Amino acid sequence: MCAPQGSNNDFGDSPREGSHPSSLEEDICVEKVAGTGGCDESREWDEFDRVSGAWDVGGAVQLQHNLTVRMGRVAVQVSSDDDDVFGASVNDFRRLADQLAWDFPSGVVTVHLDRKKALVFVPGRETNACALSTALSWAKHFAALTIAIRTRAGKIEFSVLDVMWFPGQSSRLPFFQGRFLSAVRALGVE
């Protein structure tokens, strides 16, 4: 279940920061355990690690029986030392979702691999923080653009993900990468 993110500027302000879920979240987890396999947080962290591990190798990684991601790095790297660069703020991804509203009316899913957080940006709506599997399932069902980011050697790196049902499925990764690069350039990032 996604939780509204509000107007925070940083992935660090995500509602997933607390160590214990609220009683409402406990009720939701009980429902999930009964119906969909549970709220095992270690499984979610493992999914982040598996996506992160596939970063350099590329190809596809199957996270669940009906959830596979294919990664394609893009040639946009910006210094993470400056707060004014693209990718340093949640607002950058809100602008990106607005920029891509014609191509992806369902929005943009951003996965921050270092912070192990996933946010969903839909044009004209509140930002939502979600579990990784929830965000990726949503992207798969509604053909949203999915971006993974991480910081390496003082630079923010980007990878576009094609979320698919199973390995070997026809990929739209080149289309997603092209739309992402065009939108980032339109926002003034080189």
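The values are calculated or read from the model by the stated rules, or taken from the named source; none is laboratory data. Worth saying up front: this structure is predicted, and the values here are computed from it rather than measured. Cβ placement follows ideal geometry from the backbone for every residue including glycine, while neighbour counts extend to all protein chains displayed. Protein only, heavy atoms only, side chains kept; ligands, DNA and RNA dropped before computing areas. Shrake-Rupley method; radii C 1.70, N 1.55, O 1.52, S 1.80 Å.
What FRET efficiency, computed as 1/(1 + (r/R0)^6) with R0 = 25 Å and r the Cβ-Cβ distance, is obtained for R50 and D98, rounded to the nearest 0.05?
On the way: r = 31 Å, r/R0 = 1.23.
Once the sixth-power term is evaluated, E becomes 0.25.
Per residue of the range 128-139, what does 6.51 cos²θ - 1.76 cosθ + 1.60 with θ = phi - 60° give for ³J(HN,Hα)? Whole Hz please, x for Gly and Pro, Karplus curve as stated.
Couplings: 10, 8, 9, 5, 4, 5, 5, 4, 5, 5, 4, 4 Hz.
Could you give the C-alpha radius of gyration of the range 88-138 expressed as a fraction of 2.2 N^0.38 Å, taking N as the number of residues it contains?
On the way: Rg = 10.4 Å, N = 51, 2.2 N^0.38 = 9.8 Å.
Computed over Cα atoms of the range 88-138, the ratio equals 1.06.
With the calculation restricted to Cα positions, what are the radius of gyration and Dmax of the range 49-190 in angstrom?
In Å, with Rg to one decimal and Dmax whole: 13.8, 40.
Can you give the extra length, in nm with one decimal, that the chain gains between W165 and Q64 once fully stretched, where that is 0.36 nm per residue apart less the Cα-Cα distance?
On the way: separation 101, 0.36 × 101 = 36.36 nm, distance 0.92 nm.
Value of the extension gain: 35.4 nm.
Report the Stokes-Einstein translational diffusion coefficient (µm² s⁻¹, integer) for the range 133-190, Rh taken as the Kirkwood radius over Cα pairs, at 10 °C with viscosity 1.306 mPa s.
Once the numbers are plugged in, D ends up at 125 µm²/s.
Quickly work out the A75-to-A186 label distance, labels modelled 7 Å from Cα along the C-beta direction, and quote it in nm with one decimal.
2.1
Using a simple spin-label model with points 7 Å from Cα along the Cα→Cβ vector, what separation in nm is obtained for K155 and R125?
Calculated label separation equals 3.5 nm.
Using a 1.4 Å probe, how large is the accessible area of S171, given in Å² and rounded to the nearest 10?
Surface open to solvent at S171 totals about 40 Å².
In square angstrom, rounded to the nearest 10, how much accessible surface does V69 have for a 1.4 Å probe?
We get 0 Å² for V69.
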